[in-house]
Amino acid sequence: MYSGTALRRLARMRPLSSERPSGLAVFPPTIILALAAACDSERDTAQTLRSEVRDSAGVTIVENARPALGSRLGWRIGETPAVTIGEEDSDPGEMLFDVRDATRLADGRIVVANAGTSDLRVFAADGAYLETWGGQGHGPGEFSAYTPEAVSRWPGDSIAADNMFARRVEIFDPQGNHSRTMTLADGYHSFLGVLPDGTVLAKPSAVLRGGIFGAAEPLIRRDEDFGLLRPDGALRMSLGAHPGEEWFSSPVSPMAMPHPFGRSTIATIWGDLAVVAPTDRYELRAYESDGTLVKIIRRDHAPRSPMQADLDAELTGRYADLPEARRASLLAETAEMPLVEFFPAFEALQPDPLGYLWAREYRFPGQDRNVWTVFDADGRVQGFVETPPGLDVFEIGEDYILGATADEFDVERVRLRPLDRGR
């Protein structure tokens with residue numbers, strides 16, 4: 001079996017790709033120019049942003065038409081980062097390894113989940129290294145290898161970071177003092193966020209519960225039970241079973257791996273709601289902290305099926321830089337990998353403090369653009385926003401976007417870019 005870090009690295013190895021929203025016909029440039037000249041873009045955008053809101057047994061259902069390709073919000077992301085962390089000639093404390101997440105505190109400090117060294121790195125508002133919290137170990141405030149995978153602000157100005165392999169969340173005060181450890185309920189491993197009242201959104205780990213092994217079929221997709229936990233870690237309410245990640249089990253190897261084009265279910269905190277959404281289609285289900293389903297948000301989506309050529313090119317490119325013997329071995333192990341039925345509709349969710357929810361559309365093979373559908377607080381589509389290629393977005397603030405990049409030498413950097421909403 002691959003190690004936890006190897007599995008995560010495999011999942012990340014698909015080249016960042018540009019995306020054209022699915023279901024669009026592809027026209028020659030001359031026709032596109034003619035179409036663009038034939039209509040006023042603002043009027044066209046207004047006409048295509050169509051939403052219908054209805055009530056069904058107390059649940060608000062929002063049905064959104066698929067926005068036109070030109071439905072771009074006028075928000076602008078700075079070309080030059082305002083803050084960069086992880087330069088090669090910087091302080092040793094600033095050097096990053098296997099960054100999983102980051103958050104910006106109210107005073108401007110940036111806290112980075114540096115899983116390669118099992119700690120939290122803290123940086124000043126200008127990116128200067130300040131200190132390190134935690135470290136690898138089994139005691140209070142310490143983390144297992146390859147964690148923390150998530151860091152976020154906790155109610156009361158505290159900071160929370162997950163310790164997935166120990167089923168714990170370590171909570172620190174703003175000065176970095178460890179204040180307490182929250183042990184997650186049995187069966188739950190991954191900390192996904194916390195609601196304003198301290199309720200925690202969590203899910204199990206397919207790897208840790210062994211659910212990806214022992215299957216007769218090469219393509220495995222087991223259900224995952226997302227749950228809301230009390231501040232002490234006890235289960236408050238299950239949000240039910242949702243389809244998990246699609247894995248491939250090779251007939252010639254005991255190892256299993258996430259399918260390169262696999263669908264999954266992702267979840268996030270959106271204001272005072274917990275959102276759970278299978279990536280098979282645009283259907284976001286929003287729950288209150290007591291588990292009550294209050295909103296279902298949909299957006300039209302035309303599914304696209306992968307071709308064998310897509311998978312062959314993906315696997316060949318993924319292993320291209322490995323030694324010949326290792327590359328040949330991995331290609332043999334994946335030779336019988338089946339195609340999934342459809343590509344995912346989207347692959348990430350990010351809320352922002354102004355009440356918007358951003359959904360990053362799936363990046364098809366060979367594409368490197370990051371296009372997000374933006375929903376307002378009511379669940380109505382507002383249009384598209386494009387973030388810089390290669391930026392893995394961790395957090396969207398009122399006037400910034402925080403994320404990570406890696407160069408051709410795998411040097412990791414955390415960058416904060418200005419976000420101008422034109423207000």
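Some values worked out for this structure:
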| item | result |
| --- | --- |
| Every pair of residues 6+ apart whose Cβ atoms lie under 7 Å, when the first sits in the stretch 90-101 and is under 14 Å from residue 134 (Cβ atoms) and touching a residue at least 24 places away in the same chain (Cβ under 8 Å) while the second is of a type in the set (Ser, Thr, Tyr) and assigned to a strand (DSSP E or B) | 93/129; 93/132 |
| Filter result for residue 364 (crowded, with 19+ Cβ neighbours inside 10 Å, among the aromatic types (Phe, Trp, Tyr), under 25 Å from residue 278 (Cβ atoms) and within 18 Å of the chain's Cα centre (by Cα)) | no |
| Unmet requirement for residue 249, which otherwise passes all of (1) surrounded by fewer than 22 Cβ atoms within 10 Å (Cβ to Cβ); (2) touching a residue at least 40 places away in the same chain (Cβ under 8 Å) | (2) |
| Cβ-Cβ under 6 Å pairs, at least 6 apart or on other chains, the stretch 215-227 side under 12 Å from residue 262 (Cβ atoms), far side of a type in the set (Asp, Glu) | 221/246 |
| Residues that are in contact with a helix residue (DSSP H, G or I) (Cβ under 7 Å, 6 or more places away or on another chain) and either within 13 Å of residue 381 (Cα to Cα) or not hydrophobic (A, V, I, L, M, F, W, C) (or both), drawn from the stretch 51-86 | 65, 67, 68, 70, 71, 86 |
| Candidates 113, 102 - the one that is within 15 Å of residue 415 (Cβ to Cβ) and either touching a Pro at 6+ places or on another chain (Cβ under 8 Å) or outside any loop (DSSP other than H, G, I, E, B) (or both) | 102 |
| Counted residues, the stretch 375-400 - those being among the hydrophobic types (A, V, I, L, M, F, W, C) and either farther than 22 Å from residue 295 by Cα or within 15 Å of the chain's Cα centre (by Cα) (or both) | 5 |
| Only one of 302, 309, 286 that is more than 24 Å from the chain's Cα centre (by Cα) and of a type outside the set (Lys, Arg) | 309 |
| Residues being surrounded by 20 or more Cβ atoms within 10 Å (Cβ to Cβ) and modelled with pLDDT under 95 - total across the stretch 168-187 | 0 |
| Scope the stretch 209-233; condition over 21 Å from residue 276 (Cα atoms) and at pLDDT 75 or above; matching residues | 217, 218, 219, 232 |
| So residue 354, is it assigned to a loop (DSSP other than H, G, I, E, B) and more than 23 Å from the chain's Cα centre (by Cα) | no |
| Number of positions in the stretch 86-121 that are surrounded by 20 or more Cβ atoms within 10 Å (Cβ to Cβ) and at pLDDT 95 or above | 15 |
| Among residues of the stretch 393-423, those that are without any contact (Cβ under 8 Å) to a residue 24 or more places away in the chain and within 30 Å of residue 296 (Cβ to Cβ), counted | 1 |
| Complete set of residues in the stretch 393-411 that are surrounded by fewer than 20 Cβ atoms within 10 Å (Cβ to Cβ) and of a type in the set (Asp, Glu) | 398, 399, 407, 408, 410 |
| Any chance residue 198 is part of a loop (DSSP other than H, G, I, E, B), over 30 Å from residue 281 (Cβ atoms) and within 23 Å of the chain's Cα centre (by Cα) | yes |
| Criterion violated by residue 122 - all others in (1) farther than 25 Å from residue 200 by Cα; (2) outside any loop (DSSP other than H, G, I, E, B); (3) among the hydrophobic types (A, V, I, L, M, F, W, C) satisfied | (1) |
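Residues checked against (1) acidic (Asp, Glu); (2) under 24 Å from residue 221 (Cβ atoms); (3) surrounded by fewer than 13 Cβ atoms within 10 Å (Cβ to Cβ):
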| residue | (1), (2), (3) |
| --- | --- |
| 268 | no, yes, no |
| 281 | no, yes, no |
| 297 | no, yes, no |
| 315 | no, yes, no |
| 324 | yes, no, yes |
| 327 | no, no, no |
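The values are calculated or read from the model by the stated rules, or taken from the named source; none is laboratory data. Please read all numbers here as calculations on a predicted model, not as lab measurements. Ideal geometry is used to build each Cβ from the backbone, glycine not excepted, and the neighbour counts take in all protein chains shown.
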